[in-house]
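The values are calculated or read from the model by the stated rules, or taken from the named source; none is laboratory data. All values reported here derive from a predicted model rather than from experimental measurement. Positions of Cβ are backbone-derived with ideal geometry, glycine not excepted, and every protein chain shown enters the neighbour counts. Side chains are part of the model used for accessible areas, which takes the heavy atoms of the whole protein and leaves out ligands, DNA and RNA. Shrake-Rupley method; radii C 1.70, N 1.55, O 1.52, S 1.80 Å.
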Amino acid sequence: MTTMDESGGGSGGEGSSRKPPSIGGDLYHSRDLQESLMECRSAMLDFAVLPIVHPRAERLPNSTQNRVDRFCWPLTRSDMLLSSGQWSTMIVGRLSKWLRLDSKTLSEVKASEAALKEEFAWATHLGLAAVLAPPPAPGVVCSNYARQLNHLIVKAQMGMNVWLEISHGDWAVWNRFRCLCDYSPSLQVALRLEGSQIEAADEASEEQKWLRWMGEPIRSMLIKMSDFVPNASGYPTLPPKMRKVVVRFYERGVQFVLTGRPRHPNGLLPYQMYLVHLCNKSASTPSYREQFESPFYDYLQIPLQPLGDNLESQTYETFEKDPVKYARYEEAVKQALSDAAKRSPPDEDLVVMVVGAGRGPLIRASLRGARAAFLDHRVKIFGVEKNPNAVITLLNSWPRGCSERVQIIAGDMRDWKAPEKADVIVSELLGSWGDNELSPECLRGVEKYLKPTGVSVPCKYDSYIAPMSSHKIWADVRGLSKGPTDVDPSIAASGIARFETPYVVRLFNFYHIDDPKVCFTFDHQPRTEEDFLQEDDGKDVLERQTVMTFSAKEDAMVHGFAGYFTADLYKQVNISIHPDQFSDGMFSWFPLFLPLREPVFVKKNEKMMVTFWRKRSKDKVWYEWSMETESGQITPIHNPTGRSYAVNL
Ligand SMILES: C[S@@+](CC[C@H](N)C(=O)[O-])C[C@H]1O[C@@H](n2cnc3c(N)ncnc32)[C@H](O)[C@@H]1O
């Protein structure tokens, strides 16, 4: 036996193929531990789910005297049968199935409470990594069950997780339970697949329900051996729709537990072998992107501020490895220069300004683009950069007075007095949400240097918003010890700041409640002083307010919003992190997550009116957001005055 995987969801950090699935056996009938472990070992299982109470000592809620007392048996087997390392890596404890914590009979409730406490204490004593808790009884309001489990979790403040068994059709039961348990990170889902329901259901109409589970902390999936069907040689196989479900969750890093009694004469092994074969054969090979990104799945990062701060060498180095971004810029510059060349006589130089040049990759991409355009014209490039450390790198590549084609200018583009006008202004000042690294503010300072026929690359960018659900990400935001920025002490003390901050995060364990919609749009084109004056009617043209209406695809909890961007570089050349138009292979940007202070429940088809503001003062830019639902729920406006988070100008 290898060990159960308690490292968390996702398939982080693996090589070019996926790890084999982690599979356990539910040995509910086990009377002899050593024998059961032998059975698991010979079935090549990774772990075993064992009843915490020995079956011979099983108590019943309504018996006046339980068998432990009657026969003087200990509650269960000795801890000395295994080493503590084996208990903690090979065994998941199963809590008794008979527990009736929400019974109408008080004596049953009391007996169940006492038993739960006792079993929990023993599991903690053994140092088990997890216990499997029975499903809340159907049709019963499970408040006391949730309360008792929550009490034990809170009291123990433990490393031990509780896997709550939930049938795959019972999302509402899970939702209620996790809300009552206040999103405890120790409470996770053991999703029980109901084979007959899966096979009978219409796949298309069920799709959203499966997607919704992607936002939940599913730690394991329980598969009944009675749901397997024998193939022509008598070996167990899963029916087609179950196969798809299993493979899909395997790709999400979920582990499996075989439950019930094996029907094949060779015991558990044929089931284990089938699952391994199915996953190996049917799961997609992790793409380069997946391998690169998996260590970052659901990991919260504070957005960079390349204008206010100076980026470090390592950050530039990471950007520069992107195999797609610079190729797209090169193509855009090539096309823009080819078009510019058609408009100007060959003896006139074509002028490119790379503003925010960093360590020079866009200058190089522009030089390559110019070469690829086979121009008769000479191309002159100005590289403007305000980070003095990056300027040192630039000057090493293009020393002053030594390069007739490339001139480096140290300083802020907003203050730069350009000696001439440009055919193309190239920049990459985009954040995960498009304008959130203040590209609009910076480019506003240089648009006046575009020739009347000149173009900005990018010429336009859109930010997108989608309401999303993610138990894990929201709970992680709440778990941050303090707000990420220096904020007013009263806001810091209230703990609000962490919910009024956008996070860069490679979203993984999440669900889009509706598709993304455009939030803010900015475009860049030649603008004369006169244009600026005409625009200036007292309105801040870089501020925005957008109201978007979404409709929930399923009953769901809204935990916040996913933010994406697309940018048109030139004509048909673009870059995008919008999930439906993603620039394949590009890894420079992860999405943004903008949380809600409190999760909001929405019914299927319910409308959500979401408002986002982009606001500015003389020294900062910030976002505010709020949501109202058709059923009348209204969130407060988050981040008023930029009190918790702002981007410095
Ligand atoms: C996201 S980085 C991109 C760097 C480089 N172009 C690349 O693609 O690797 C943005 C760069 O713009 C610079 N920058 C931001 N605002 C600027 C401003 N107002 N004037 C000059 N440079 C600026 C930053 O210092 C940083 O080097």
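Some notes on this structure:
- Taken about its Cα centre, the chain carries a charge dipole of about 1600 debye when Lys and Arg each add +1 at the Cβ and Asp and Glu each add -1 at the Cβ.
- Rg over Rh [alpha-carbon atoms, Kirkwood Rh] for segment 342-402: 1.02
- Sorting the segments 487-495, 21-29, 44-52 by their residues' average number of neighbouring beta-carbon atoms within 10 angstrom, most packed first, yields 44-52, 21-29, 487-495.
- Neighbourhood charge, 13 Å Cβ-Cβ cut-off, centred on P636 and excluding it, Lys, Arg +1 and Asp, Glu -1: -2
- Residues with amide H under 5 Å from that of E165, placed H, sequence gap 5 or more: A133, A190
- Among residues other than K155 with Cβ under 13 Å from its Cβ, the summed charge is +2 (Lys and Arg +1, Asp and Glu -1).
- Accessible area per residue (1.4 Å probe, heavy atoms of protein chains only) ranks R371, R59, R405 as R371, R405, R59, with the largest value leading.
- Per residue solvent-accessible surface (Å²) - the chain, probe of 1.4 Å: 43 Å²
- Relative to the longest principal axis of the Cα atoms of the chain, helix 361-372 runs at roughly 60 degrees.
- Using the Karplus relation 6.51 cos²θ - 1.76 cosθ + 1.60 with θ = phi - 60°, the per-residue 3J(HN,Hα) values for segment 440-450 come to x, 5, 5, 6, 4, x, 10, 4, 5, 8, 7 Hz, with x marking Gly and Pro.
- Estimated from helices alone, the mean residue ellipticity of the chain at 222 nm is -9000 deg cm²/dmol (sum of -39500 (n - 2.57) over DSSP H runs with n ≥ 4, per residue).
- Rounded to 5, percent antiparallel among DSSP beta bridges of the chain: 50 percent
- Between helix 325-343 and the chain: long-axis angle, C-alpha atoms, 0 to 90°, nearest 10: 30 degrees
- Other-chain or far-sequence residues with amide H under 5 Å of L75's (modelled H): none
- Cα gyration tensor, segment 416-467 - rounded (a/c under 1.5), prolate or oblate: prolate
- Space enclosed by the convex hull of the alpha-carbon atoms of segment 221-310, per residue, Å³: 118 Å³
- Carbon/sulfur fraction of accessible area - the chain, other protein chains in place, 1.4 Å, %: 52 percent
- Mean separation of Cα contacts under 8 Å, 6 or more apart, over the residue count of the chain: relative contact order %: 12 percent
- Taking every alpha-carbon pair under 8 Å whose residues sit at least 6 apart, segment 123-194 reaches a relative contact order of 38 percent.
- Accessible area in the full protein assembly, largest first, 1.4 Å probe, for R400, R506: R400, R506
- Across segment 157-306, Cα-Cα pairs farther apart than 22 Å form 50% of the total.
- The packing ranking of peptides 375-382, 256-263, 338-345, highest mean first, is 256-263, 375-382, 338-345, where packing means the average number of other beta carbon atoms within 10 angstrom of each residue.
- In degrees, nearest ten, helix 143-156 long axis to first principal axis of the chain (Cα): 80 degrees
- For A172 and K571, a Förster radius of 60 Å and the Cβ-Cβ distance give a FRET efficiency of 0.75, rounded to the nearest 0.05.
- Computed from the alpha carbon positions, the gyration tensor of segment 150-222 leads to an equivalent ellipsoid with semi-axes of 27, 12, 9 Å, biggest first.
- Dividing the radius of gyration of the alpha carbons in the chain by their Kirkwood radius gives 1.06 for Rg/Rh.
- Along segment 421-428 the Karplus relation, 6.51 cos²θ - 1.76 cosθ + 1.60 evaluated at θ = phi - 60°, assigns HN-Hα couplings of 9, 10, 7, 9, 10, 9, 8, 9 Hz to successive residues, with x for each Gly and Pro.
- With q set to 0.14, 0.18, 0.19, 0.20 Å⁻¹, the log10 of I(q)/I(0) for segment 359-485, from the Debye formula over equal scatterers at the Cα positions, is -0.75, -1.06, -1.16, -1.26.
- Quotient of C-alpha Rg and 2.2 N^0.38 Å, computed over segment 559-649: 1.32
- Amide H partners (placed H, <5 Å) of R527, local residues excluded: K448, L450
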